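Student: Here it is, the structure in full.
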Amino acid sequence: MKDFSGKLAVVTGGGTGMGRELVRQLVAEGCDVATCDVSAANMAVTRQLAEASAPQGTRVSTHVADVASEAAVNAFRDAVVAAHGRDYINLLFNNAGIGGGGSFVAGDRGEWERTFAICWNGVYNCARAFMPLLVRSSEGHIINTSSVNGFWASLGPQTAHTAYSAAKFAVKGFTEALVNDLRLNAPHVKASVVMPGHIGTSIVENSQKILRDSDEIVVGEADLAVARAQMTRMGIDASALTLEQVRAMRVQMANAFRDNAPMTAAQAATVILDGVRAERWRILVGRDADALDRMVRASPEEAYEPGFMERLRNEAGWALGR
């Protein structure tokens, strides 16, 4: 699919970050886009930005939907068909995701399952709902966002990272399996897995808001205990930390993740769309993703040792996962 003009794309998680930039860049090329997010306010901003650069006649529809809910996704699909008057789509970007559920052993089960449900079930639900519409098109492409944590289940030796990593491994494996499935059963439809490194998005901030069902970052007693334990493992005396201090730290970390990344969300979206045009089934995004992929393949047995993280920082400047 060399040209997106006149096509119809569906983008999940379009309220901020890479999802928003995918919407903007697709629309600028004359692609009709339907996008969803859990935040109506963020959707409104995305629509305004996209329509500002949309060629005449290009249509943008925004929808509120929780991709972890099959019923919500099916309703989203029906709304897309109604809004755009087509019984097919050409592109499906399963981009929505959050971080959380770090520890399977000591963490909160509800947070773990919510994170996994959005990051994996969201991809599955949307693939189930929209695959018939992709197959109905003359040419189609499903693009699933995994992560470097889809082949390296870590944020470093001091941080547990199980729910997000497990979900992203599932997304990667599912997409790789689809490559052959589609060749056998719908050869006009392609599949790509996207594996970004550290991209400047609001995922850290958004994740904490979604997991707490809040419009701001909220810190409770359990968060205080986790923060103290993690800092103690790093050799820092955290016994005097207060709830407000931990909240301030989390806000600062979320802002730093967004503002200090080596690649912007707009740059990442461009890499993804270039990969789709080239029909690459495996799209690494960022110098750090390339370096990490190379290092894990070269010495997989060392990937979870403390020294591996130090070598990674030296080679790619990688300090935080997507």
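The values are calculated or read from the model by the stated rules, or taken from the named source; none is laboratory data. Fair warning: this is a prediction, and the values are worked out from it, not measured in the lab. Because the Cβ atoms are built from the backbone with ideal geometry, glycine has one as well, and the counts that use them run over all protein chains shown.
Student: Is it the case, given these coordinates, that residue 207 is touching a residue at least 12 places away in the same chain (Cβ under 8 Å) and at negative phi?
Tutor: yes
Student: Being closer than 21 Å to residue 4 by Cβ, in contact with a helix residue (DSSP H, G or I) (Cβ under 7 Å, 6 or more places away or on another chain) and small (Gly, Ala, Ser) is the filter; apply it to the stretch 263-322 and report the residue that is surrounded by the fewest Cβ atoms within 10 Å (Cβ to Cβ).
Tutor: Within the stretch 263-322, the match that is surrounded by the fewest Cβ atoms within 10 Å (Cβ to Cβ) is 266.
Student: What residue, of 249, 231, 253, is more than 20 Å from the chain's Cα centre (by Cα), closer than 29 Å to residue 19 by Cβ, in a helix (DSSP H, G or I) and of a type in the set (A, V, I, L, M)?
Tutor: Sole residue among the options that is more than 20 Å from the chain's Cα centre (by Cα), closer than 29 Å to residue 19 by Cβ, in a helix (DSSP H, G or I) and of a type in the set (A, V, I, L, M): 249.
Student: Going by what's in this entry, would residue 251 be described as in the same structural domain as residue 108 (by TED's automatic domain parsing), aliphatic (A, V, I, L, M) and out of contact with any helix residue (DSSP H, G or I) (no Cβ under 7 Å at 6 or more places or on another chain)?
Tutor: No; evaluated as a whole, the condition is false for this residue.
Student: Restricting attention to the stretch 160-189, report how many residues are part of a helix (DSSP H, G or I), buried (at least 18 other Cβ atoms within 10 Å of the Cβ) and of a type in the set (A, V, I, L, M).
Tutor: The total comes to 7.
Student: Let me ask another. What number of residues in the stretch 252-288 are in contact with a strand residue (DSSP E or B) (Cβ under 7 Å, 6 or more places away or on another chain) and of a type in the set (A, V, I, L, M)?
Tutor: Final tally of qualifying residues: 10.
Student: Next question. Hey, could you check the stretch 133-142 for residues that are outside any helix (DSSP H, G or I) and of a type outside the set (Val, Ile, Thr) and say which is farthest from the chain's Cα centre (by Cα)?
Tutor: 138
Student: Moving on to the next point. Any idea which of 116, 93, 130 is assigned to a helix (DSSP H, G or I), assigned by TED's automatic domain parsing to the domain that holds residue 4 and either over 25 Å from residue 217 (Cβ atoms) or modelled with pLDDT under 95 (or both)?
Tutor: Residue meeting the stated conditions: 130.
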